[in-house]
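K.L.:
Can you read through this structure? Questions will come right after.
Where a number appears in this text, it was derived from the coordinates with a stated rule and is not lab data. Here the structure is a predicted model, which means the values were calculated and not measured.
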Amino acid sequence: MKSLILYYSHSGNTARMAQKFWNILKSKGESNLHELRYSDRKRNRIRHLLARFIPALASLENVPYEATDYDLLCIGAPAWGGRPAPLVCKYIKSLGNLPSARIIYFQIYGIKKSAKQSFSYVEKTLRHTGSKGLINVDISWNKARNEDNVEKVTTEALNKVLGE
Ligand SMILES: Cc1cc2nc3c(=O)[nH]c(=O)nc-3n(C[C@H](O)[C@H](O)[C@H](O)COP(=O)(O)O)c2cc1C
């Protein structure tokens, strides 16, 4: 199985979870891990701020992987204002048809309601991809600081998707 883990992380929680997915998935076949980054972080602060409300304005650095090459995509973000962080909104909007991929959306939140709203946004945005299935995994930022908690939710999600 070929998997791709893509994430954005501001303060490291989502990155830790992404790493956990990667550690497990590497043992199941080819797996790539990629952090989504701003291409103009320092150059245009106003645009950077506005992108929180208008994700199209976020300047996403080139992603060197083609989502259509993978059986499983794990896409992760912090919940910000009831949406994924802007770079992840921008990335998922750019995806085309993915009829043979399963998708795990993983997120870190401060307020559970925000995580629910974010997942609704992701579901709506990814509907056009026609993927084989989309599941949500979320964990609050304070629980995400504990390795065992992260391991548990990550393993459960993969078991669900891989049918183990
Ligand atoms: C700019 C900003 C906005 C945030 N907005 C929300 C929010 O609306 N809802 C929520 O549940 N958490 C919110 N949070 C909390 C993040 O979800 C939480 O800090 C998470 O752990 C960040 O993940 P990271 O460490 O990977 O950056 C916000 C955090 C930041 C920095």
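K.L.:
Who wins for biggest fluctuation among Ile108, Ile92, Ile46 in a Gaussian network model of the chain, springs between alpha carbons below 10 Å?
P.N.:
Ile46
K.L.:
Sticking with this one: If amide hydrogens are placed 1.01 Å from N in the peptide plane, which non-local residues have theirs closer than 5 Å to the one on Ile5?
P.N.:
Amide H neighbours of Ile5: Asn32, Leu33, His34, Cys74.
K.L.:
What is the ratio of the Cα radius of gyration of segment 3-162 to 2.2 N^0.38 Å, where N is its residue count, to two decimals?
P.N.:
0.97
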